[in-house]
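The values are calculated or read from the model by the stated rules, or taken from the named source; none is laboratory data. This is a predicted model, so every value here is computed, not measured. Heads up, the Cβs are rebuilt from the backbone with ideal geometry, glycines too, and the neighbour counts pull from every protein chain shown. Please note that ligands, DNA and RNA were not included when accessible areas were found on the heavy atoms of the full protein model with its side chains. Shrake-Rupley method; radii C 1.70, N 1.55, O 1.52, S 1.80 Å.
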Amino acid sequence: QTRSLLGVFEEDAAAISNYINQLFQAMHRIYDAQNELSAATHLTSKLLKEYEKQRFPLGGDDEVMTSTLQQFAKVIDELSSCHAVLSTQLADAMMFPITQFKERDLKEILTLKEVFQIASNDHDAAITRYSRLSKRKENEKIKAEVTEDVYTSRKKQHQTMMHYFCALNTLQYKKKISLLEPLLGYMQAQISFFKMGSENLTEQLEEFLTNIGTSVQNVRREMDCEVENMQQTIEDLELASDPLYLPDPDPTKFPAHRNLTRKAGYLNARNKTGLVSSSWERQFYFTQGGNLMSQARGDVAGGLVMDIDNCSVMAVDCEDRRYCFQITSFDGKKSSILQAESKKDYEEWICTINNISKQIYLSENPEEIAARVNQSALEAVTPSPSFQQRHESMRPAVQSRPPAARTSSTGSLGSDSANLSALSLDSLVAPDTPIQFDIISPVSEDLPGQAKSSGQSGRRTNPFGESGGSKPETEDSILHQLFIVRFLGSMEVRSDESPDVVYETMRQILAARAIHNVFRMTESHLLVTCDCLKLIDPQTQVTRLRFPLPNVVLYATHQENKRLFGFVLRTSGGRVESRQTSICYIFESNNEGEKICDSVGLAKQIALHAELDRKASEKQKEIDRVKEKQQKELNKQKQIEKDLEEQSRLIAASSRSNQSSTEGQFVVLSSSQSEDSDLGEDGKKKRESE
């Protein structure tokens with residue numbers, strides 16, 4: 001019965017322990033929440049006090065807002081103090097009693113239970129040993145030890161059991177105390193907190209809160225009115241901006257502005273990732289003075305991409321992209337390929353960079369000057385954009401143009417007008433001369449007889465210098481200089497005696513490109529040798545054009561823009577048969593115009609000296625041949641004289657032998673006479689000569 005009743009009490013103690021643990025966790029959450037509320041309230045008060053120290057980018061110094069928040073901070077600080085007091089009371093009156101019951105009383109029950117179990121096991125073991133004593137052979141010493149062991153274990157079990165049972169009975173009372181005392185402390189702490197709150201919330205504070213509520217309602221009404229106005233503005237903007245949502249708007253409705261000296265917008269930049277692979281990155285680009293800047297999303301400021309003063313810009317073809325253009329720095333060491341989002345942006349970017357490269361932005365009214373420069377270009381010349389349409393489009397335009405237009409436009413070029421004052425422009429370039437913008441030789445187009453030369457220009461040039469099956473034309477040339485150039489255009493000229501021809505051709509070609517929106521320029525490698533000038537495709541190494549060096553009669557660079565250079569090529573034939581024509585080719589280089597002209601001049605000097613050396617060598621060879629012929633004749637004459645002397649010595653020796661032997665002489669003479677009679681007249685003569 002005792003064991004059964006003990007099991008009931010132990011089951012009850014386990015249930016109490018489980019329930020008290022759950023209640024302790026709940027009350028601990030209340031305590032933690034109160035501590036967090038107290039700390040959060042204190043932090044809120046601290047932040048409100050620091051509002052006046054904040055510097056908001058869009059907020060001004062609002063003294064009313066600052067004083068209002070200071071008043072709130074004062075009230076919340078008092079509430080924070082009340083919450084701190086409440087946290088202390090909860091710790092003392094609620095958490096301490098239940099913690100004591102959980103940590104002391106329940107653990108004491110568990111300890112006594114373990115001690116009682118050990119004592120009970122020891123008593124059972126002692127009884128078992130006592131029961132095993134033999135009745136036949138009794139050992140008094142062993143019997144005494146076992147009896148003493150049974151006595152001690154029974155006493156220990158009885159004492160432990162009494163303390164354990166007493167603790168279980170006491171637990172029923174402590175359970176009630178541990179449940180009611182923490183709840184009582186919690187309620188008393190809350191009542192004390194609410195009393196402190198009612199003392200702090202006075203009528204003056206209630207009036208303050210009422211005024212603040214009214215102000216909040218007024219601000220809300222203002223916000224609603226502003227939101228309504230903004231919604232109306234958004235609807236109007238959506239209606240007006242509907243055509244601009246197209247990625248490539250209609251150029252007739254939204255024409256490109258060509259007089260800009262500042263431009264900003266998103267562009268795609270091409271980045272090389274390998275020998276033949278590349279990637280595109282979208283960034284925001286903008287011009288700042290004479291610099292092109294870019295700014296990635298999230299960056300605070302932009303970074304320098306390139307100095308575009310005196311740079312060159314041209315449209316390029318990309319296999320996988322449209323609206324691409326290339327910017328090359330003035331020294332040619334840096335270039336970037338960019339892609340615009342629309343044709344309008346594409347043209348505006350090219351025009352803007354072209355205007356900046358001329359340093360128009362440094363003037364007081366840059367857009368006005370840019371407009372005046374473009375207008376003067378319009379008045380200067382109106383050439384045909386393609387070589388095939390020259391007769392259809394150029395001649396009517398020239399006939400309808402007033403004669404004074406050419407003179408007025410040349411005056412705007414500054415330094416060029418002074419050079420052209422002594423020579424009529426019409427004597428340099430014919431008024432109806434077409435302009436060619438692509439690399440197609442006008443000579444080969446007009447003359448069928450030039451097919452052979454044009455066929456030679458299509459031969460591939462091996463970049464590694466290997467000849468393959470045939471010997472290169474420039475293999476023996478001592479001068480090989482390569483330059484990167486871009487073809488601007490070419491046109492036929494009337495004179496090839498003055499550099500003014502090149503200057504006037506440059507002016508007309510640049511003006512024609514600006515008028516007809518011809519931005520594309522073909523990039524090539526110009527190879528200068530002692531025999532010719534070659535335009536080589538940089539990708540395929542195919543020779544596009546070949547200019548024999550003797551036919552290059554004139555070359556010059558622009559007086560102000562040293563990147564521009566040109567040369568005049570004199571050819572036989574043209575649009576009129578059996579007449580020599582002169583064609584001026586204009587190129588743009590990477591700030592190497594003077595170097596190219598110097599290289600061409602050096603090549604012509606080397607070619608001249610080579611020609612003089614060749615003629616001198618041929619003359620020397622002719623002299624050597626004459627001397628060699630005379631020496632052969634002299635040697636032949638000496639050989640004949642030597643043979644005659646040898647024959648004389650033989651005759652003398654023969655005479656001496658005849659005198660020594662008369663008989664022998666007689667026999668010889670007889671035989672000789674008989675032989676002479678047999679030989680006849682011819683034999684006699686031969687004998688006499690011998």
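Here are the numbers for the structure shown:
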quantity: Answer from E103, E140, E108 - the residue that is of a type in the set (D, E) and open to solvent by 90 Å² or more (accessible area, probe 1.4 Å); calculated: E140
quantity: Looking only at region 599-656, and only at residues there that are closer than 30 Å to L527 by Cα and among the hydroxyl-bearing types (S, T, Y), the one that is least open to solvent (accessible area, probe 1.4 Å); calculated: S599
quantity: Long-range neighbours under 9 Å by Cβ, at least six apart or interchain, first residue part of a helix (DSSP H, G or I) within region 608-629, second open to solvent by 100 Å² or more (accessible area, probe 1.4 Å); calculated: A610/I478
quantity: Restricting region 289-300 to residues that are open to solvent by 50 Å² or more (accessible area, probe 1.4 Å) and modelled with pLDDT under 90, the residue that is nearest to W349 (Cα to Cα); calculated: R297
quantity: Pair list, Cβ under 6 Å, 6 or more apart: region 345-356 residue within 15 Å of Y323 (Cβ to Cβ) and in contact (Cβ under 8 Å) with a residue 60 or more places away in the chain, other residue aliphatic (A, V, I, L, M) and open to solvent by less than 10 Å² (accessible area, probe 1.4 Å); calculated: W349/A340; I353/I308
quantity: Answer from C82, C166 - the residue that is surrounded by fewer than 17 Cβ atoms within 10 Å (Cβ to Cβ) and not small (G, A, S); calculated: C166
quantity: Those residues of region 13-32 which are without any contact (Cβ under 8 Å) to a residue 60 or more places away in the chain and either more than 15 Å from L179 (Cα to Cα) or not assigned by the TED database to the domain that holds A93 (or both), in sequence order; calculated: A14, R29, D32
quantity: Every residue from region 191-208 that is open to solvent by less than 100 Å² (accessible area, probe 1.4 Å) and more than 30 Å from L90 (Cα to Cα); calculated: F208
quantity: Residue match in region 89-96 (condition: under 16 Å from G197 (Cα atoms) and modelled with pLDDT of 90 or more); calculated: yes
quantity: Checking Y173 against (1) within 60 Å of the chain's Cα centre (by Cα); (2) at pLDDT 85 or above; (3) among the hydroxyl-bearing types (S, T, Y), the condition it does not meet; calculated: (1)
quantity: Options D248, D236; residue that is free of Cβ contacts under 8 Å to residues at least 60 places away in the same chain and farther than 30 Å from E364 by Cβ; calculated: D236
quantity: Residue match in region 334-355 (condition: in contact with a His (Cβ under 7 Å, 6 or more places away or on another chain) and not hydroxyl-bearing (S, T, Y)); calculated: yes
quantity: Enumeration of residues in region 231-276 that are open to solvent by 90 Å² or more (accessible area, probe 1.4 Å), within 28 Å of R372 (Cβ to Cβ) and within 27 Å of the chain's Cα centre (by Cα); calculated: R262
quantity: Whichever residue in region 324-352 is in contact with a Gly (Cβ under 9 Å, 6 or more places away or on another chain) and within 14 Å of N268 (Cβ to Cβ) and, among such residues, is surrounded by the fewest Cβ atoms within 10 Å (Cβ to Cβ); calculated: E341
quantity: Hits in region 173-189 (condition: open to solvent by 30 Å² or more (accessible area, probe 1.4 Å) and in contact (Cβ under 8 Å) with a residue 60 or more places away in the chain); calculated: K174, K175, I177, L179, E181, L183, L184, Y186, Q188
quantity: Selection count, region 6-51, where residues are open to solvent by 60 Å² or more (accessible area, probe 1.4 Å), in a helix (DSSP H, G or I) and either at pLDDT below 90 or in contact with a Pro (Cβ under 8 Å, 6 or more places away or on another chain) (or both); calculated: 2
quantity: Of the criteria (1) over 17 Å from the mean Cα position of the chain (by Cα); (2) open to solvent by less than 60 Å² (accessible area, probe 1.4 Å); (3) within 17 Å of T261 (Cβ to Cβ), which one A315 fails; calculated: (3)
quantity: Scope region 52-73; condition surrounded by 13 or more Cβ atoms within 10 Å (Cβ to Cβ) and either in contact with a Cys (Cβ under 9 Å, 6 or more places away or on another chain) or without any contact (Cβ under 8 Å) to a residue 24 or more places away in the chain (or both); matching residues; calculated: E52, D62, M65, T66, L69, Q70
quantity: Residues that are open to solvent by 10 Å² or more (accessible area, probe 1.4 Å) and either among the β-branched types (V, I, T) or closer than 30 Å to S329 by Cβ (or both), drawn from region 483-492; calculated: F483, I484
quantity: Residue within region 671-684 that is modelled with pLDDT of 65 or more, of a type outside the set (K, R), open to solvent by less than 90 Å² (accessible area, probe 1.4 Å) and in a helix (DSSP H, G or I) present; calculated: no
quantity: Condition met for R513 (closer than 26 Å to I435 by Cα and modelled with pLDDT under 85); calculated: yes
quantity: Filtered residues of region 544-555 (kept if in a strand (DSSP E or B) and open to solvent by less than 10 Å² (accessible area, probe 1.4 Å)); calculated: F547, V552
quantity: Pairs, first in contact (Cβ under 8 Å) with a residue 24 or more places away in the chain in region 100-116, second among the hydroxyl-bearing types (S, T, Y), C-beta under 7 Å, six or more apart; calculated: F101/S178; L106/S17; L112/Y164; K113/Y164; V115/T160; F116/T160; F116/Y164
quantity: Matching residues in region 320-329 - criterion: being within 18 Å of T261 (Cβ to Cβ) and in a loop (DSSP other than H, G, I, E, B); calculated: none
